[in-house]
Amino acid sequence: MGRRLLGSGVDLRSLPDAELEELTRARTAAGIADWLTVRVGGEGAAEAAPAVPAPAVPAPAVASVPSEPAPAVLLNGNPTEDPAWIGRGLDDDAVRGLPGAPADEPQPAPMEPAPTAWDAPAPTLAADTEPRAPHGALDLGADPVTVQPQDLTPVRESDPAPAPAAEPQPAPEPAPAPAPEPALSVTAPKRYLLTPTPLSPAPAPGAVAAQDLRGKRFVLVGDGTPVAQALVTRLTVLGAIASRIGEDLEGHQGALDGLIHVGALAESGEPVLPGAFPLFQNALRRGPRWLLAAHHAKDTSGLDGFFRTVAREYPDTVARSVEVDATRGAAEQAEVIVEELLAPDREPVVLRKDRRRYGLEPQEQSLGLLATAGGGPAGTGVAEAAVLGLGPDSVVVLAGGARGITARFAIALAAASRCRIELLGRTELPDLPDEFADARDRAALRSALIARGGLKPAEIERTANRILAEREISSTLAEIHDAGGTAGYRAVDLRDAEAVQQAVKETYTMYGRIDGVVHAAGVIEDKLLAEKDPDSFRRVYGTKVDGARTLLAAMHRLPQLPRFTLLFGSISAVFGNRGQIDYAAANDALARIGRRWHEATGTRALTVHWGPWAPTGAHDGMVSPELGREYARRGIELIDPEEGVLALLRELAWGDSETDEVVYTASGW
């Protein structure tokens, strides 16, 4: 301070120790002024020390309030059943909300200057509050200067000017009332068939087109197939670097521009999934430009559903499943695959027939006048049950049908035909009465389990899930009886071939017949492909696919085959879905297994790929009430449960017996 005030000539560093000590003892502003008067004279001090302007006090800073981001969508049920994701993919925020999805890494806060006392608004004192005196005023012969301290107590002169009268402020408008929750839109489902649609031809791999392949590195999987060797030869001629590998990339070093899997073309006909999943996963981690898999029509791996999902999760990679003609030679099949490397579009599923390319597009088609007008009493399903030959003596086996939407179908089927329904499921029904009968919902169950003690949080959740499952199964059995049918239940894991065979054999022996079989079992463990554990992939895939194979194998051993086989699929198989690589592949494989069953037995086999059903009543299936409200906010229509089961009965009764795959959904994509 002394250097600033004595800038006209006095240098503090030149002061004798005695004078410097005197200045040190002059702690107040008045003392400093007296010292200056004695040292340089009052008039000289006034000239030497220019007036120090009061620092401008900034207007109180208004803290900026960032706008709140839209809440992430938390999907508690099956994201496959959400048409909002179809055709445009699910944004990353939604996939993070999926069950089992990984948590985000914490992001650093934006770099902003730390707030100081000068950034804060000055405190406001009440009218009867006495402000503290100013810290000091310097009178150096000029106008008095008020020194603004960092203490933000307002400074008031001895005779303050009267404050202007405050203008009256209008009363703030009341906050608008929150918008009401949108109503759930529930309607009858629409029917779609997958129809081959011509695609643009791919360029022949000539000199011009092959420029895109020159110098690119490809690995080929399927060493035991003639097509693999033919592909190596053709790609090498075109200037690419191609090599054959086994079932993994461990020995492959360097860049990888493309991976081509032709293992499904082997004469053994063994499905490449789920075994090839780690290979595809490792290849995609290297960021290839191409990922292709070729197969024949009889393959039941589910590669189409798999690659539809890969295409959604990896938009920078040409991901394609190619169905080639098995009657063509190895060299011609290899040529077709090279053409697909050069195709200009990003179609994830391509059928090659007669040198032409086709995609599969869903097209809405009705069942015709008889089905829509009804062949009997409207809205009961009685006429449809009669066409199916179902009556009080008939027996239908439903695997996984004790809960969810298949439970609804079982109840409707019993009401329409009064048949017997044998339910197969994994949940064991307890012999003892319900210990927590008064706790009717999940929250109450959790509270009761916590009060009892002895369980960890994860065990409490598992126990609550088990009790709720047991209750729903018991409710389904009671509702079937109330509807006029009869029901039985067996705890069977469909992946256990011996247990399934025993259950089917005992059922047929007891009643002398099995008229129909419904496979609706499945589990979901959603995660993006890059984060998917191979064991989880096998579990989800195996529950759906291996369960169908063991169930149909058991039926094939019966003296008489069922009249119809109904398989419950999902629209994820038809359109792909981010975060459901395993579920999409499994449901696509399910449809192909049903097709092979029809070709082998001549009996009716139908796979229905469902959209989301409305969450009403006790059997919500994979759409929880919370997810239903989210659908309502998006304007997505859901399948009315009564209309859904009637549509299914009509499809079985009036649909073309050669139709083996159909899509039912209330909303588009």
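The values are calculated or read from the model by the stated rules, or taken from the named source; none is laboratory data. Since this is a predicted model, take the numbers as computed values, not measurements. Please note: Cβ atoms are built from the backbone with ideal geometry, for glycine as well, and neighbour counts cover all protein chains shown. Surface areas here come from the heavy atoms of the whole protein model, side chains and all, with no ligands, DNA or RNA. Shrake-Rupley method; radii C 1.70, N 1.55, O 1.52, S 1.80 Å.
Assess whether residue 540 counts as being open to solvent by less than 10 Å² (accessible area, probe 1.4 Å), farther than 30 Å from residue 576 by Cα and touching a strand residue (DSSP E or B) at 6+ places or on another chain (Cβ under 9 Å). Don't jump to the end; show me each part of the working.
Working: open to solvent by less than 10 Å² (accessible area, probe 1.4 Å): yes; farther than 30 Å from residue 576 by Cα: no; touching a strand residue (DSSP E or B) at 6+ places or on another chain (Cβ under 9 Å): yes.
So residue 540 does not fit the description; no.
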How many of the residues making up segment 577-603 are of a type in the set (S, T, N, Q), in a loop (DSSP other than H, G, I, E, B) and either in contact with a strand residue (DSSP E or B) (Cβ under 8 Å, 6 or more places away or on another chain) or closer than 23 Å to residue 647 by Cα (or both)? 1
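For segment 581-598, check the following and say yes or no: at least one residue is within 28 Å of residue 314 (Cα to Cα), hydroxyl-bearing (Ser, Thr, Tyr), in contact (Cβ under 8 Å) with a residue 24 or more places away in the chain and buried (at least 22 other Cβ atoms within 10 Å of the Cβ). First the steps, then the outcome.
Step one: filter segment 581-598 for residues within 28 Å of residue 314 (Cα to Cα), giving 581-593.
Of the ones still in play, those that are also hydroxyl-bearing (Ser, Thr, Tyr) are 583.
The next check asks that each one be in contact (Cβ under 8 Å) with a residue 24 or more places away in the chain; those that pass are 583.
Pick out the ones that are also buried (at least 22 other Cβ atoms within 10 Å of the Cβ) and you get 583.
So far as segment 581-598 goes, yes, one or more of its residues are within 28 Å of residue 314 (Cα to Cα), hydroxyl-bearing (Ser, Thr, Tyr), in contact (Cβ under 8 Å) with a residue 24 or more places away in the chain and buried (at least 22 other Cβ atoms within 10 Å of the Cβ).
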Selection from segment 578-609 of residues within 24 Å of residue 407 (Cα to Cα) and either basic (Lys, Arg) or at pLDDT below 95 (or both) yields 604
Would you confirm, using the coordinates I've provided, whether residue 411 is under 25 Å from residue 551 (Cα atoms), open to solvent by 20 Å² or more (accessible area, probe 1.4 Å), over 29 Å from the mean Cα position of the chain (by Cα) and touching a residue at least 40 places away in the same chain (Cβ under 8 Å)? yes
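Looking at the structure I just gave you, is residue 326 modelled with pLDDT of 95 or more and of a type in the set (Gly, Ala, Ser)? Give the steps one after another, and end with the answer.
Details: modelled with pLDDT of 95 or more: no; of a type in the set (Gly, Ala, Ser): yes.
Judged against the criteria, residue 326 is not a match.
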Does segment 314-331 include one or more residues that are of a type in the set (Lys, Arg), open to solvent by less than 50 Å² (accessible area, probe 1.4 Å) and either in a helix (DSSP H, G or I) or touching a Cys at 6+ places or on another chain (Cβ under 7 Å) (or both)? no
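For segment 491-576, please list each of the helices (runs of 4 or more DSSP H) lying entirely inside it that holds at least 3 residues being basic (Lys, Arg).
It comes to 534-556.
One line per residue, one yes/no per condition, for (1) under 17 Å from residue 322 (Cβ atoms); (2) in contact with a Leu (Cβ under 8 Å, 6 or more places away or on another chain); (3) buried (at least 17 other Cβ atoms within 10 Å of the Cβ):
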| residue | (1), (2), (3) |
| --- | --- |
| 255 | no, no, no |
| 276 | yes, no, yes |
| 282 | no, yes, no |
| 302 | yes, yes, yes |
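Which ones in segment 449-471 are more than 24 Å from residue 405 (Cα to Cα) and either surrounded by fewer than 17 Cβ atoms within 10 Å (Cβ to Cβ) or under 28 Å from the mean Cα position of the chain (by Cα) (or both)? It would help to see each step written out before you state the result.
Step one: of segment 449-471, the residues more than 24 Å from residue 405 (Cα to Cα) are 449-460.
Those that are more than 24 Å from residue 405 (Cα to Cα) and either surrounded by fewer than 17 Cβ atoms within 10 Å (Cβ to Cβ) or under 28 Å from the mean Cα position of the chain (by Cα) (or both): 450, 451, 452, 453, 454, 455, 456, 457, 458, 459, 460.
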